[in-house]
Amino acid sequence: FDRRDSALVLAHILFAFFALLLGGVAGVLQGLVRGGMITLPYGIGYYQLLTAHGILMALVFTTYFIIGFLYSGVAKTLGGHLLPVPRALGWLGYGLMTTGTVIATILILLNKATVLYTFYAPMKASPWFYVALVFIVVGSWMSCFGIFINYRYWKKTHNGKLSPLFAFMAVVTMLMWFIATLGVAIEVLFMLIPWSFGWVETVNVTLSRTLFWYFGHPLVYFWLLPAYICWYVVIPKVIGGKMFSDALARLAFILLLLFSIPVGFHHQLMEPGISSVWKYVQVVLTFMVVVPSLMTAFSLFATFELHGRSIGAKGLFGWLKKLPWRDVRFFAPFMGMLVFIPAGAGGLINASHQMNMVVHNTLWVTGHFHLTVATSVALTFFGVTYWLIPAITGRVLTPRMHKLGIVQTIIWLVGMFFMSGAMHTVGLFGSPRRTAYTTYQDHPDAILWMPYHVVMAIGGTVLFIGVVMMIMNVVMLLRAPKGETEYPVAEVRDTAERTPAIFERWGIWVGAIVVLILIAYSIPVMELLNNPGTGAKGIVTW
Ligand code: HAS
């Protein structure tokens, strides 16, 4: 690795883990408060900690990690190093994002931005919080442009040859991010900033939520796609096998790009002001976005089974025994995959309108996203860290590190089993999400929820131990013995079909997304703009 590229990647990864640590502290504290096990000193509020937890973990940890990881893969697969302009844009993006993150975190800690990680109206933060968000979003765009430029240059200088799969996937991920963040940029610039500075008196609440979820849903796939990059590109190499199909992987990514964006209404199924026709359209599209994940599951099973059989596995499940269970680069992401099966099933429940009525705004939803992003994605990112840090810093991943990594993964799984399990269960009993400790004047239902809240807090404490262990592992990786560690990128199976060139005809795909977005959003947004009854005066109407 070029030292200049290593520095850029490492800066992103280390900032990500710093955010994870701070977010973890906030997370465990809010869990203990909610479970009624502690009260906070100095007037620190539950919602303040919940905001810090959500923003630092779901937004900051992920975005920094993803940009660092993608930059590393682009450098590795597109010629061995980054071009000067993309590298400079990477640093510019890092500087802007870090400025924004520091300002936003200080405001949250000062209790001036207690608006939760979704930050839509009618909750209002200090205007400077929204300005900080602008820094973060614009900074991330710099990194998008860096990756696009590097990719375009490669295509130009390679006669339009099919690009390496990692680079292709990095472009899809950043394209999705770019198109998605346009929605939140409009919300922040034209609604939240003027409203919070007092330049306008009112804000259209439903429109602000709609613009947020236009961004907020693809956001979850922006977290997922880099994990899929690891599952498709890295894991086959780590297990000593080959990728099942390059074409299938690209098709899955293109489908995710197309269908991740026009589906935000599935977060607003219970909201007035949006007609059921448009909710229905977006639910149909939501079920479309499940297809590429099912394709991914198929492809992974095929990779594991084909490899197992090629080295002598017998019987229906003999291939399971051939997997490298003691290799943390495999173990942590594999556990992420395994958890994604129930996690994805929960998503299908959420997306089904009638069942959404049961689970919406309950702790079930919190349980769902702790399995998806906080387990499937987080464990995959941890798994990547174990080889990425040594690979870019010229160190070796020792057998001891493998062991510590596996223990860390198991602790995470145990903590999450209790925390997310309790959340899912008590959510079905009606316990609301995002609510500080209360017994609702000793209402019998609320009393029934309490033991589950305590289990959540205990699971959260185990997870906090997992966070601390992960930070210690990162420190150990930075001090590992000097040497070489492979950056694992798999080859495709020899008998796999050829990849059609159409996957890299970006004009077609961007055109198709624009059409889908216009179909899914133009009429409902016009209705929201014309309908003063949907919270135009900043009144919550549900
Ligand atoms: Fe979700 C709410 C629907 C996936 C994250 N979701 C959320 C929120 C977050 C989130 C953060 O329709 C809360 C937002 C908030 O604060 O309000 N979600 C879905 C659906 C999917 C889905 C249909 N979600 C995700 C992913 C996330 C994520 C991924 C983060 C990374 N979600 C919803 C809905 C809501 C929602 C509603 C709103 C609820 C409400 O009312 O508020 C699908 O994409 C899931 C498809 C996945 C699968 C699984 C495929 C399995 C694979 C693994 C294979 C395993 C192998 C190993 C090979 C179909 C690929 C096997 C080995 C063996 C030995 C067996």
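The values are calculated or read from the model by the stated rules, or taken from the named source; none is laboratory data. Nothing here was measured: the structure is a model prediction, and the numbers come from that model. Cβ: placed from backbone, ideal geometry, glycine included. Neighbour counts: every protein chain shown.
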(Q) Condition first: among the basic types (Lys, Arg), part of a helix (DSSP H, G or I) and not assigned by TED's automatic domain parsing to the domain that holds Val74. Can you find one or more residues in region 207-215 that meet it? (A) yes
Q: Answer yes or no: is there a residue in region 266-281 that is assigned to a loop (DSSP other than H, G, I, E, B) and in contact with a strand residue (DSSP E or B) (Cβ under 9 Å, 6 or more places away or on another chain).
A: no
Q.
With the requirement that a residue be among the aliphatic types (A, V, I, L, M) and without any contact (Cβ under 8 Å) to a residue 12 or more places away in the chain, what does region 399-422 give you?
A. Ile410
Q: Go through Val454, Val426 for me and flag whichever is farther than 30 Å from Val74 by Cα and in contact with a His (Cβ under 8 Å, 6 or more places away or on another chain).
A: Val426
**Q.** Only one of Leu320, Leu306 that is more than 28 Å from Phe287 (Cα to Cα) and more than 10 Å from the ligand (Cβ to nearest atom)
**A.** Leu306
Q: Could you tell me whether region 70-93 includes any residue that is in a loop (DSSP other than H, G, I, E, B), surrounded by fewer than 22 Cβ atoms within 10 Å (Cβ to Cβ) and among the charged types (D, E, K, R)?
A: no
Q.
When you scan region 24-41, do you find a residue that is of a type outside the set (Ser, Thr, Tyr), surrounded by 21 or more Cβ atoms within 10 Å (Cβ to Cβ) and closer than 25 Å to Trp387 by Cβ, even just one?
A. yes
Q.
Please go through (1) more than 8 Å from the ligand (Cβ to nearest atom); (2) surrounded by 21 or more Cβ atoms within 10 Å (Cβ to Cβ); (3) of a type in the set (Val, Ile, Thr); (4) modelled with pLDDT of 95 or more for Thr296 and return the number of the only condition it doesn't satisfy.
A. (1)
Q. Tell me, which residue of region 336-359 that is more than 8 Å from the ligand (Cβ to nearest atom), within 14 Å of Ala374 (Cα to Cα) and touching a residue at least 60 places away in the same chain (Cβ under 8 Å) is surrounded by the fewest Cβ atoms within 10 Å (Cβ to Cβ)?
A. Val339
Q: Can you give me the number of residues within region 197-243 that are within 10 Å of the ligand (Cβ to nearest atom) and hydroxyl-bearing (Ser, Thr, Tyr)?
A: 2
Q: Name the single residue, out of those in region 269-310 being of a type in the set (Gly, Ala, Ser) and in contact (Cβ under 8 Å) with a residue 40 or more places away in the chain, that is farthest from Lys242 (Cα to Cα).
A: Gly273
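Here's the yes/no breakdown for (1) surrounded by 19 or more Cβ atoms within 10 Å (Cβ to Cβ); (2) in the same structural domain as Pro164 (by TED's automatic domain parsing); (3) without any contact (Cβ under 8 Å) to a residue 60 or more places away in the chain:
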| position | (1), (2), (3) |
| --- | --- |
| Ala436 | no, no, no |
| Pro444 | no, no, yes |
| Met450 | no, no, no |
| Val454 | no, no, no |
| Ile465 | no, no, yes |
| Val468 | no, no, no |
| Ile471 | no, no, no |
| Val474 | yes, no, no |
| Thr485 | yes, no, no |
Q. Are any residues in region 100-123 more than 16 Å from the ligand (Cβ to nearest atom), under 23 Å from the mean Cα position of the chain (by Cα) and assigned to a loop (DSSP other than H, G, I, E, B), and if so, which ones?
A. Ala113
**Q.** From the options Ser126, Ser143, residue that is more than 16 Å from the ligand (Cβ to nearest atom), surrounded by fewer than 21 Cβ atoms within 10 Å (Cβ to Cβ) and touching a residue at least 24 places away in the same chain (Cβ under 8 Å)
**A.** Ser126
**Q.** Those residues of region 250-268 which are aliphatic (A, V, I, L, M), within 12 Å of the ligand (Cβ to nearest atom) and surrounded by 21 or more Cβ atoms within 10 Å (Cβ to Cβ), in sequence order
**A.** Ala252, Leu256, Val263
Q: Name, by its number, the condition in (1) surrounded by fewer than 24 Cβ atoms within 10 Å (Cβ to Cβ); (2) within 13 Å of the ligand (Cβ to nearest atom) that does not hold for Ala247.
A: (2)
**Q.** Of all residues in region 269-293 being near the ligand (Cβ under 8 Å from one of its atoms) and within 28 Å of Val525 (Cα to Cα), the one that is farthest from the chain's Cα centre (by Cα)
**A.** Met270
